[in-house]
1. Inside the range 56-101, can you point out the residues that are of a type in the set (Ser, Thr, Tyr) and open to solvent by less than 40 Å² (accessible area, probe 1.4 Å)?
2. Taking ILE328 as meeting all but one of (1) among the β-branched types (Val, Ile, Thr); (2) farther than 30 Å from ASN20 by Cα; (3) within 16 Å of the ligand (Cβ to nearest atom), write down the number of the exception.
3. When only residues in the range 289-321 that are acidic (Asp, Glu) and at pLDDT below 95 count, which is least open to solvent (accessible area, probe 1.4 Å)?
4. When both residues are 6+ apart or on different chains and their Cβ atoms are under 6 Å apart, which pairs have a first residue that lies in the range 6-18 and is under 25 Å from ASN155 (Cα atoms), and a second that is outside any loop (DSSP other than H, G, I, E, B) and open to solvent by less than 80 Å² (accessible area, probe 1.4 Å)?
5. Criterion first (touching a Gly at 6+ places or on another chain (Cβ under 7 Å), under 30 Å from ASP381 (Cβ atoms) and open to solvent by less than 80 Å² (accessible area, probe 1.4 Å)) does ILE277 satisfy it?
6. Being within 21 Å of SER293 (Cα to Cα) and of a type in the set (Ser, Thr, Tyr) is the filter here; which residues of the range 74-122 pass it?
7. For residues in the range 20-55 being open to solvent by less than 30 Å² (accessible area, probe 1.4 Å) and among the aromatic types (Phe, Trp, Tyr), which is nearest to the ligand (Cβ to nearest atom)?
8. Within the bounds of the range 210-228, is there any residue that is within 16 Å of the ligand (Cβ to nearest atom) and either more than 20 Å from SER145 (Cα to Cα) or buried (at least 22 other Cβ atoms within 10 Å of the Cβ) (or both)?
Amino acid sequence: MIQKPRGTQDLFLNSAAEWNAVEEKFRKVLNLFNYGEIITPMFESKELFVRGVGDTSDIVSKEMYEFTDKKGREFVLRPEGTAPTVRALIENKLYIPENLPYKTFYIGPIFRYERPQAGRYRQFNQLGVETFGLDSLNHDIELISLGDSFLKELNIEKDIIVQINYLVTGEERKKYEEQLKKYILSIKNICDDCQKRFKKNVLRILDCKIDSSKVKNGPKMFEFATENNKERLNETFRQLKEMGLKVEIDFNLVRGLDYYTGLVFEFKNIKTNQAIIAGGSYNNLVEELGGPSIPASGFAIGLERIMLILNEQKIKVVEEKEIELFIIPLSEQAQKLTNKLMLEARRKNLKIDTNWNIKNLKNGFKSAEKAKAKNILVIGDNSIANNQYSIKPQLTGEPVELKYNQIISYLKGEK
Ligand code: HAM
């Protein structure tokens, strides 16, 4: 038997419906926050991520699904959504002053060759948010509260904590990196990856699964931050707390992607210790990828990790629409009329069904029961000849006698 690739999922029946419902909730919240959707290709030039995300990141150095097309061009299945959004912003000149601030969101599959485990897949989906042309305390707070509003919309309130930090930049970053390097040189045995990180982006060592604990007692990034940035982080913390978020400052929070320049944050599931939402500001990326200098920030939500929490906390998102009418046709003529009636009803937005395999009344009722319809209608040649249709509401069990042209208005509650 041919099986799905490792680290991927098939979604069907209720899980597919829940999935779509979560996406719809995301669209709803993003619409309230006045963001517009962007749809970009699932594969992009490899160079976009090497330059955009950084070749010291695990994502780029080890996890990309790479391929060469027939003309020898190097492409990858997108391993994240920020660099593609920036590429689209630049390529389509979406950064023109009339468009700014530009606030956008995306939904779609992301591919990373990671070791699969619960909540970690090789194809997963991100609900992502990016903003361009905004850089302020109020924007930081609005962005984080957007993530929180989405979780509230799904009734996910338990076991989530928001961790925030502010990465130092410019001269302060250089000073901090110097001190951190000195400290690291005094520790022996850092892993192979961290030796590379040491040269290319030493901050990433704080995020290493193997070595991060060794640098915990080293110099603290926050001590190198400017007074303004310290105040901005503290004020972000205070205001989010006042808004009722469970928030904490984590001075060692750095992210696995190289482009972050200031605020970084994660919404963590404290039960699994996995980030379900992660992001921050990346004020240099637009310029680095060939666009103008525009501040930017955003985050991405792991849809599979949201689904895991919904399952675990037994939260149902999908509002299932009941079938208004199930028809049991008992003759060829009745089947023909059923098709006509169903078409007319569906055009009026009524959910209506039958089962073309019905052979007799007994298995007709079995099918109807399975469909859990609100009303059942048996159609035989007699009902057609007399224009008399007996609809049985399942709630009362009391049959309602109708003419053919009364059926739809009855189902719509217009009678
Ligand atoms: P990231 O932290 O790499 O950031 O991923 C964001 C979220 O995607 C994670 O918090 C997690 O929920 C989900 N995720 C990551 N890897 C996996 C996986 N293997 N399986 C399932 N879910 C996963 C980014 O991708 C940035 N582009 C976020 C961002 C947007 N920053 C600024 N704007």
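The values are calculated or read from the model by the stated rules, or taken from the named source; none is laboratory data. Keep in mind that this is a model prediction, so the values were computed, not measured. No Cβ is skipped: glycine too gets one built from the backbone with ideal geometry, and neighbour counts run over all protein chains shown. With ligands, DNA and RNA removed, areas are computed over all heavy atoms of the protein, side chains included. Shrake-Rupley method; radii C 1.70, N 1.55, O 1.52, S 1.80 Å.
1. Listed by number, the residues that qualify are THR56, SER57, THR82, THR85.
2. Against the list (1) among the β-branched types (Val, Ile, Thr); (2) farther than 30 Å from ASN20 by Cα; (3) within 16 Å of the ligand (Cβ to nearest atom), ILE328 comes up short only on (3).
3. GLU312
4. As it stands, the answer is LEU11/TRP19, since those pairs meet every condition given.
5. Spelling it out, it is not the case that ILE277 is touching a Gly at 6+ places or on another chain (Cβ under 7 Å), under 30 Å from ASP381 (Cβ atoms) and open to solvent by less than 80 Å² (accessible area, probe 1.4 Å).
6. The answer is THR82, THR85, TYR95, TYR102, THR104.
7. Among those that are open to solvent by less than 30 Å² (accessible area, probe 1.4 Å) and among the aromatic types (Phe, Trp, Tyr), it is PHE49.
8. Yes, some residue in the range 210-228 is within 16 Å of the ligand (Cβ to nearest atom) and either more than 20 Å from SER145 (Cα to Cα) or buried (at least 22 other Cβ atoms within 10 Å of the Cβ) (or both).
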